[in-house]
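Have a look at the structure below, then the notes.
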Amino acid sequence: MRLPPICQRYPVILAVIAQVCGAFIVGQVATPDLPALWLGLHGAIAAAITVALGGSRWWIPFQMLIPFAIQAGLAWNLPGWVWLVCLVVIVLFYGGGVVTRVPLYLSNQAACQALVELLGDRPSPRAVDLGAGFGGPMRHLAQTLPGGFFVSVEASPMTCLGAWLLARGFPRRLRVRWADLWSEHLGVYDLVYVFLSPEPMPRIWAKVQAEMRPGTLLVSNTFPVPGEIPERVIDLPGRADARLYVYRR
Ligand SMILES: C[S@@+](CC[C@H](N)C(=O)[O-])C[C@H]1O[C@@H](n2cnc3c(N)ncnc32)[C@H](O)[C@@H]1O
């Protein structure tokens, strides 16, 4: 099933709708005295609806926990600062996506392996992941292509810290930068990888055109560049719309 564009752009709307459906199906909201079984059922239904409607699997634990969190908030009568701390933690993990409206969801192994194959014939490939999350794609390239140089650029502080810690094993070949992706100059790269949202794609393409060398590649997971015909489309396992769009500069 294809989601309405508003839910594709703001997955949180899908999550809220799924929570409301969960409460409706269970017939109860997370009141302080509701048994854990009902809360678990509510969360499981919300998670199932989210994934069935095309939401990322990363929503599953959040959707499962939300009824318990609401109940805890009601039962313990939490002070205002607790909610403030929650907000700060969310910003630390998701803040990078506020401007570009890009949430955190991660590339799967098949996507990472496809990048290896796209770069495989270059003796010392250079690639960058703009909006790198925990840095999985570039870490995979650093592991698989020892002659290369790879950069992960991530704006959310805690996510970037996670990527940086995970990159410790590859000190010279893998860099993690805490930065806005728009500040990264693309002139040195053979391949630029993005997994963002429809929103920034026209600007990403303009940046590629302005900065990348002819013959180099832009690879976008899931979100095509509007109005441009990709050189290749690589289907990925998982979501129905999961594919890599490969554009040659
Ligand atoms: C969908 S995740 C993709 C993670 C990773 N590229 C992967 O494929 O596994 C997108 C990431 O981009 C980050 N992001 C969004 N806007 C950004 C920006 N302007 N600069 C840097 N990172 C950004 C978000 O914080 C999020 O971690």
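Every read-out reported here was derived from the displayed coordinates using simple, explicitly stated rules and does not represent laboratory data. These numbers come from a predicted model, not from an experiment. Note that each Cβ is placed from the backbone with ideal geometry, even for glycine, and that neighbours are counted across all protein chains shown.
Summary of computed values
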quantity: Residue-wise HN-Hα coupling along the stretch 195-209, computed from phi with Karplus coefficients 6.51, -1.76, 1.60 (Hz; x: Gly, Pro); calculated: 9, 10, 6, x, 3, x, 4, x, 6, 4, 5, 4, 5, 4, 4
quantity: Sites Ser183 and Arg239, calculated FRET efficiency, Cβ-Cβ separation with R0 25 Å, nearest 0.05; calculated: 0.25
quantity: Built amide H within the under 5 Å cut-off of Arg177, gap 5+; calculated: Ser152, Val153, Glu154
quantity: Mean separation of Cα contacts under 8 Å (6+ apart) over length of the stretch 5-78, as relative contact order %; calculated: 33
quantity: Phi-based couplings in Hz for the stretch 72-84 (Karplus 6.51, -1.76, 1.60; Gly and Pro marked x); calculated: 4, x, 6, 5, 8, 6, 4, x, x, 5, 4, 5, 5
quantity: Added length on full extension, which subtracts the Cα-Cα distance from 0.36 nm per residue, Ala36 to Ala110; calculated: 22.9 nm
quantity: Fully extended contour minus Cα-Cα distance, from Val12 to Leu74, at 0.36 nm per residue; calculated: 20.1 nm
quantity: The stretch 139-246 - Kirkwood radius from inverse mean 1/r over Cα pairs (Å); calculated: 15.0
quantity: Computed FRET value (nearest 0.05) for Ile229 with Val82, which takes r as the C-beta separation and R₀ as 45 Å; calculated: 0.35
quantity: Nearest 10 degrees, 0 to 90: helix 11-26 Cα axis against the chain principal axis; calculated: 30
quantity: Principal-axis tilt of helix 36-52 within the chain, Cα atoms, nearest 10 degrees; calculated: 40
quantity: Cα principal axis extents for the chain, largest first, Å; calculated: 63, 37, 29
